[in-house]
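To start, the structure itself, in structure tokens.
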Amino acid sequence: MIASDAGRAAGLLFVTAILQVSVFNSISIFGGRPDVLLVTLIALSLLRGSIFGAVGGFFVGLLIDTATLETMGVNALLFTLAGYWTGRYGETTGRGRHAPLLAVGVVTVLYSLAALLLRFMIGESDSARVVLLDALPPSLLFNLLLAVPLFSFCRWVLEVGRETEPVREVRLLE
Amino acid sequence: MLGVLVVFSLLLITVYFRESDGGALHDVQGAGATVLRPFEVAATRVAAPFQDLYDYVSGLVGAKSDRDRLRAENQRLRQQVIELQSADQLNKSLQAALNYVTGRRFPQDYKPVTAAIVSKPPSQFEQQVVIAAGRADGIRDDDPVVTAAGLVGKVTKVVGHEAQVTLLTDEDSAVSAIDLHTRAEGIVKHGHGPGQTLFLDQVPKSEHVAQGDRIVTSGWHSGSLSSIYPFGIAIGRVTSVSFQSTELYASVQIEPYVDFSSLDSVIVLVAKPSAEKTKR
């Protein structure tokens with residue numbers, strides 16, 4: 001991944017993280033909340049692989065922990081794992097048309113479960129019924145609705161202005 | 001790479017968890033939050049027109065019924081103001097005659113520090129917001145936080161120029177409260193569910209709490225101990241009371257006066273130093 005590409009992806013994650021903590025977190029519809037940051041991270045990880053997913057997830061999680069004065073490292077750990085898993089999925093089997101939807105669906109559910117477990121372990125327990133039954137279904141629906149448009153947007157951001165050089169020669173490998 | 005990041009995250013959690021509020025990692029977090037604040041403020045300002053539009057449209061749904069309810073309430077409150085003004089005069093003269101000693105009084109014994117909310121909770125299960133005022137503004141841990149409508153919560157973490165406020169809707173929040181009509185005391189908590197509904201817990205079934213009663217902070221004192229909330233901060237209105245034969249206490253549901261979903265700014269009540277104990 002070239003430097004400008006990484007810069008664009010990092011910039012997009014930074015802007016999304018700021019918008020998530022200051023704007024999107026106050027939007028609640030039917031008890032659910034769209035997690036634009038998680039969906040953006042998933043889209044970028046699918047497009048740019050597991051290393052970018054893990055590193056981007058770590059730093060954006062750290063940013064969220066800092067901005068919200070939450071326990072440092074909690075969101076960093078969750079986003080690292082989410083980014084890495086999605087990146088690996090994109091590098092292996094997740095290349096079809098439905099990959100963004102599938103990745104967003106699976107990661108949203110696993111992220112909620114992992115967040116519940118981690119928060120329980122550090123003594124900030126939440127009601128599992130509320131997390132898994134009341135809030136997860138609408139949040140999952142919102143994230144799935146966001147998956148395709150955000151995936152297209154991320155791909156556009158990463159590819160806009162990039163010059164594609166014509167192939168001059170082809171070397172056959174022996 | 002993954003292993004390094006995971007280990008580093010776990011290390012951060014461990015160190016952060018074990019160190020005190022004045023620890024190095026907390027200081028770094030405070031400095032980082034200060035650096036991020038202009039970006040958050042800018043994002044909030046850019047999104048404000050859209051958020052206003054969303055609030056306007058969602059407000060239209062119940063606007064007509066709200067108007068009728070508020071008209072009726074306004075009429076009732078006007079009558080109450082007249083009654084309360086005469087009761088206040090009588091109260092003052094009686095307290096003066098008895099040399100009555102009170103604790104901190106709300107709002108006169110507190111300095112209000114108004115602060116904008118710069119970041120909302122990262123997930124709906126964390127009911128904490130970050131405000132743009134901190135230790136430098138005199139804010140301390142456990143300071144009560146209100147709006148013009150009523151009680152919002154309390155300060156749970158303070159750094160240089162920012163503070164974290166845990167809302168009343170957090171599962172760990174609990175406030176001693178009293179029914180103004182019946183004087184029934186209980187503890188206001190958030191129920192195990194989404195939304196803003198609160199419950200007045202520990203109210204014996206013998207107390208006749210009724211729908212429409214107003215609940216305020218009780219501001220108790222016991223020896224040298226006292227509630228962090230002064231008496232009289234409005235919390236909410238009783239919306240339903242039910243009794244179950246298997247339960248010791250009544251189930252009292254409260255609708256808070258504060259709309260926690262659209263908080264933009266709050267007022268932190270910083271106790272005036274001279275108001276530790278006031279004699280009237």
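The values are calculated or read from the model by the stated rules, or taken from the named source; none is laboratory data. Everything numeric here is computed off the predicted structure, so don't read it as measured data. As a convention, Cβ positions derive from the backbone with ideal geometry for all residues, glycine included, and neighbour counts pool all protein chains shown.
Based on this model, can you work out whether B:Val165 counts as buried (at least 16 other Cβ atoms within 10 Å of the Cβ) and in contact with a Gly (Cβ under 6 Å, 6 or more places away or on another chain)? The answer is yes for B:Val165. Residue count for segment A:94-115 under the criterion of being among the aliphatic types (A, V, I, L, M) and crowded, with 20+ Cβ neighbours inside 10 Å: the result is 4. Can you spot a residue in segment B:173-189 that is surrounded by fewer than 24 Cβ atoms within 10 Å (Cβ to Cβ), part of a loop (DSSP other than H, G, I, E, B) and either within 14 Å of chain A (Cβ to nearest Cβ) or at pLDDT below 85 (or both)? Yes, segment B:173-189 contains a residue that is surrounded by fewer than 24 Cβ atoms within 10 Å (Cβ to Cβ), part of a loop (DSSP other than H, G, I, E, B) and either within 14 Å of chain A (Cβ to nearest Cβ) or at pLDDT below 85 (or both).
Residues in segment B:118-167 that are within 26 Å of A:Tyr111 (Cα to Cα) and not in a strand (DSSP E or B) were compared, and the one that is farthest from the other protein chains (Cβ to nearest Cβ) is B:Gln127.
Here is a yes/no grid of residues against (1) under 30 Å from A:Arg88 (Cα atoms); (2) outside any helix (DSSP H, G or I); (3) touching an Asp or Glu at 6+ places or on another chain (Cβ under 7 Å):
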{"site": "B:Val4", "(1), (2), (3)": "yes, no, no"}
{"site": "B:Thr14", "(1), (2), (3)": "yes, no, no"}
{"site": "B:Ala33", "(1), (2), (3)": "no, no, yes"}
{"site": "B:Ala48", "(1), (2), (3)": "no, no, no"}
{"site": "B:Asp68", "(1), (2), (3)": "no, no, no"}
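Taking the numbered list (1) within 15 Å of the chain's Cα centre (by Cα); (2) within 13 Å of another protein chain (Cβ to nearest Cβ); (3) within 17 Å of B:Leu5 (Cα to Cα) in turn, A:Gly73 passes all entries but (1).
Identify, please: which residue in segment A:94-114 is closer than 25 Å to B:Thr169 by Cβ and in contact (Cβ under 8 Å) with a residue 40 or more places away in the chain and is, among those, nearest to the other protein chains (Cβ to nearest Cβ)?
So the residue we want is A:Tyr111.
B:Asp52 - would you say it is more than 11 Å from chain A (Cβ to nearest Cβ), in contact with a helix residue (DSSP H, G or I) (Cβ under 9 Å, 6 or more places away or on another chain) and free of Cβ contacts under 8 Å to residues at least 60 places away in the same chain?
So B:Asp52 fails the test.
Okay, residues lined up against (1) out of contact with any Phe, Trp or Tyr (no Cβ under 6 Å at 6 or more places or on another chain); (2) in the same structural domain as B:Glu247 (by TED's automatic domain parsing); (3) of a type outside the set (Asp, Glu):
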{"position": "B:Lys111", "(1), (2), (3)": "yes, no, yes"}
{"position": "B:Ala136", "(1), (2), (3)": "yes, no, yes"}
{"position": "B:Asp143", "(1), (2), (3)": "yes, no, no"}
{"position": "B:Leu168", "(1), (2), (3)": "yes, no, yes"}
{"position": "B:Ala184", "(1), (2), (3)": "yes, yes, yes"}
{"position": "B:Ile187", "(1), (2), (3)": "yes, yes, yes"}
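Looking at this structure, is A:Pro138 of a type outside the set (D, E, K, R) and either crowded, with 19+ Cβ neighbours inside 10 Å or modelled with pLDDT under 90 (or both)? Spelling it out, A:Pro138 is indeed of a type outside the set (D, E, K, R) and either crowded, with 19+ Cβ neighbours inside 10 Å or modelled with pLDDT under 90 (or both). Count of segment A:73-93 residues, restricted to those that are without any contact (Cβ under 8 Å) to a residue 40 or more places away in the chain, crowded, with 24+ Cβ neighbours inside 10 Å and among the aliphatic types (A, V, I, L, M), is 1.
Each residue in segment B:219-259 was checked for being surrounded by 10 or more Cβ atoms within 10 Å (Cβ to Cβ), among the β-branched types (Val, Ile, Thr) and not in a strand (DSSP E or B), and 3 pass. Within segment B:202-227, residues that are over 15 Å from B:Ser240 (Cβ atoms) have Cβ atoms under 6 Å from residues that are at pLDDT below 75 in these pairs: B:His221/B:Gly103; B:Ser226/B:Gly103, counting only partners at least 6 apart in sequence or on another chain. Does A:Leu118 qualify as being within 14 Å of chain B (Cβ to nearest Cβ), part of a helix (DSSP H, G or I) and over 18 Å from the mean Cα position of the chain (by Cα)? So A:Leu118 passes the test. Taken over segment B:173-183, the criterion of being more than 14 Å from B:Phe199 (Cβ to Cβ) and not hydrophobic (A, V, I, L, M, F, W, C) is satisfied by B:His181, B:Thr182, B:Arg183.
If you go through segment B:197-218 one residue at a time, do you hit one that is closer than 15 Å to B:Glu126 by Cβ and buried (at least 17 other Cβ atoms within 10 Å of the Cβ)?
no
Of the residues making up segment B:103-114, not a single one is within 13 Å of another protein chain (Cβ to nearest Cβ), within 30 Å of B:Ala174 (Cβ to Cβ) and in contact with a strand residue (DSSP E or B) (Cβ under 8 Å, 6 or more places away or on another chain).
Looking only at residues in segment B:16-27 that are more than 8 Å from every other protein chain (Cβ to nearest Cβ) and part of a helix (DSSP H, G or I), which one is surrounded by the most Cβ atoms within 10 Å (Cβ to Cβ)?
Let us first name the residues in segment B:16-27 that are more than 8 Å from every other protein chain (Cβ to nearest Cβ), namely B:18-24, B:26-27.
Filter once more, so that each one left must be part of a helix (DSSP H, G or I): B:18, B:24, B:26-27.
Values: B:Arg18: 9, B:Ala24: 10, B:His26: 19, B:Asp27: 14.
Once the filter is applied, the top-ranked residue is B:His26.
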